[in-house]
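As structure tokens, the structure follows; a few thoughts come after it.
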Amino acid sequence: MKGIRIFAIIVLGFIAVVCLSMLTKKRSFEWEPTFGHDDAEPFGCQLFDRMVTASMGDRYTVQTHPLSFSEMKEGGPKGWLIVTYRLKLTANEMGLLMNLAREGHCVMIASTNFGQVTADSLDVWTSKMFTINENDLEKEMGLHNSLKDVVWTGHSDVYPRDSFPIHSVLQNTSLMVGDSLPKEELARHTTEFVQQPVAVSIPLGRGKIVLVSMPLLFTNYGMLSGRGSQLIMRLLSQFGDMPVRRVPLKTSAQTREEDPLAMLDYINTQPPLRWAWRLAILLILLFMLTNARRRQRAIPVVGAPQNHALEFVRLIGTLYNEQGNHADLVEKKFRYTAEHLRRRLHIDITDPQDDQHSAAVIAQNTSLNTDEAEKTIKDVRKMINAHLGLTAQQMREYIDRLNALTPP
């Protein structure tokens, strides 16, 4: 028993030493810019979302499911905050973004690179002078420990011109702005050699697009870096009183990257995986060849399927004939003719205010003149609205007149 007690004491002491070393060990951070809602690392957004929610209340929400610009059009105008490290848009996606702004939405996009499509459409492009690859952020954060000023230049009585010191890596890119579209510069960073904008607002229609070249500012680290939180709130003031939703953007480039077939590119770059892939294909081909022998089986004699369409039509015709509701048949024929003309000639003969136009279009495509076509439409509509009883002869006359409205 004494030996067991000594062994237990030694084990407990070893566990205590390990726990103490783990508690005193310097924590290593992950510097990958995930912008995740639940990510507490420096370049996550857990603290950022909490602080903005505390400031904006219920107007600010976070959606973790990616959305495309076409999906953002649902509902009324609102503010959209999109934070990504590198933005890749197609010309079609840029058109959807601009239409979104014209309809009254305010879209703020923070990215270190906006691509050639943004330069062509909005006349704003990214300066390559200070770009840092996301894989080198950890090394750059260790090398740079100085705060540099970002100057607020937006024209607002509420927010006057002011300087906000933030970490230099957070403002590693800047924007180049043309003059083909009206733009308002919101902020610029200052260095020893150059002063360039880092945030611009582009009004379009009833809304606007705000481009920010500092996506890392909208993170936990950016919120705590210098006066970063105050600069963030000034940028978010561009949304005004709109409800704001932060969403990850779903683009065509992202969809291609998530395509399982894209894994073939990686397999081709690795010789062991490439040979394993080729061997698997070879084995599948050998299996197919060895099991592809023709197996003789009796082929049953199958008769041609019978066409019961005529019997069905006769049955339906008999039912309607027994009911004797000729006016109802004329009404159904009128609806069928109206739908046929709507699809073929793009006119609506059910609208009384459009009778003259509809009759003119029908006259151009049939042997009827405009007056005959208009009279037929009005007569049939009047008969339907009056709920009159019809004889079989009158029903045939109305149906013949409706058939005359249909172009050959």
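So how strong a dipole does the stretch 271-329 carry about its Cα centre when Lys and Arg Cβ are +1 and Asp and Glu Cβ are -1, to the nearest 20 debye? Walk me through the numbers before you get to the answer.
Working: 7 positive and 3 negative charges, 206 e Å.
Dipole about the Cα centre, nearest 20: 1000 debye.
For the chain, set up a Gaussian network in which alpha carbons nearer than 10 Å are linked by springs, and say which option among 249, 89, 341 fluctuates the most. Evaluated over the chain, the most mobile residue of the options is 341. Once the Cβ-Cβ distance between residue 314 and residue 46 is put in as r, and R0 is 56 Å, what FRET efficiency do you end up with, to the nearest 0.05? Plugging the Cβ-Cβ distance into 1/(1 + (r/R0)^6) gives 0.20.
Could you point to the residue in 389, 330, 318 farthest towards the positive end of the stretch 318-408's charge dipole, with +1 and -1 charges on the Cβ of Lys/Arg and Asp/Glu respectively? It is 318, whose Cα lies furthest towards the positive end. Just checking the listed ones, 90, 370, 53: in the Gaussian network model of the chain with Cα springs under 10 Å, the one fluctuating most is 370. Relative to the Cα centre, the charge distribution of the chain, modelled as +1 at Lys and Arg Cβ and -1 at Asp and Glu Cβ, gives a dipole magnitude of about 1640 debye. Carbon and sulfur: what percent of the chain's accessible surface (1.4 Å probe)? Summing carbon and sulfur atoms, their accessible area is 57 percent of the total for the chain. Neighbours of residue 355, meaning other residues whose beta-carbon lies under 14 angstrom from its beta-carbon, give a summed charge of -3 when Lys and Arg score +1 and Asp and Glu score -1. Entry note, the chain: the mean residue ellipticity at 222 nm calculated from DSSP H runs of n ≥ 4, each adding -39500 (n - 2.57), is -14500 deg cm²/dmol after division by the residues and rounding to the nearest 500. Projecting the Cα positions of 44, 105, 166 onto the charge dipole of the stretch 37-174 (unit charges on Cβ atoms of Lys, Arg, Asp and Glu, taken about the Cα centre) puts 105 furthest along the positive direction. Considering only 283, 12, 224, give the residue with the highest GNM mean-square fluctuation for the chain, with springs between Cα atoms whenever their separation is below 10 Å. With Cα springs under 10 Å in the chain, the top fluctuation among 283, 12, 224 is at 12. Maximal additional length on extending the residue 179-residue 9 stretch stands at 53.6 nm, based on 0.36 nm per residue less the C-alpha distance.
Taking 190, 219 and ordering them by how much accessible surface each has at a 1.4 Å probe, largest first, produces 190, 219.
Filter the cross-link list 78/183; 183/250; 139/183; 88/148; 73/208 down to pairs whose alpha-carbon distance in this structure exceeds 24 Å. Please report the intermediate quantities before stating the final value.
On the way: 78/183 21 Å; 183/250 26 Å; 139/183 35 Å; 88/148 28 Å; 73/208 14 Å.
Beyond 24 Å: 183/250; 139/183; 88/148.
Of interest is the spacing of the C-alpha centroids, which for the stretch 305-325 and the stretch 197-242 amounts to 69 Å. A cut-off of 5 Å between modelled amide H atoms, ignoring neighbours fewer than 5 places along the same chain, links residue 390 with 326, 327. Heavy atoms of the protein chains alone define the surface here; on that basis the stretch 55-202 has 47 Å² accessible area per residue at 1.4 Å probe size. Along its first, second and third principal axes, ordered by size, the chain spans 108, 79, 49 Å in Cα coordinates. Each peptide in 382-392, 310-320, 160-170 was scored by the mean count of other Cβ atoms within 10 Å over its residues; highest first, the order is 160-170, 382-392, 310-320. For residue 177, the shell of other residues with beta-carbons less than 13 Å away shows a net charge of -2, using +1 for Lys and Arg and -1 for Asp and Glu. Estimated at the nearest 10 Å², the accessible area of residue 50 is 150 Å² with a 1.4 Å probe.
Given a Förster distance of 35 Å, report the FRET efficiency between residue 227 and residue 58 from their Cβ-Cβ distance, rounded to the nearest 0.05. After rounding, the FRET efficiency stands at 0.85.
The values are calculated or read from the model by the stated rules, or taken from the named source; none is laboratory data. This one's a predicted model, so the numbers in the text were calculated from it and none came from an experiment. Positions of Cβ are generated from backbone atoms using ideal geometry, with glycine treated the same way; all protein chains shown enter the neighbour counts. We work out accessible area using only protein heavy atoms, side chains counted, and drop any ligands, DNA or RNA first. Shrake-Rupley method; radii C 1.70, N 1.55, O 1.52, S 1.80 Å.
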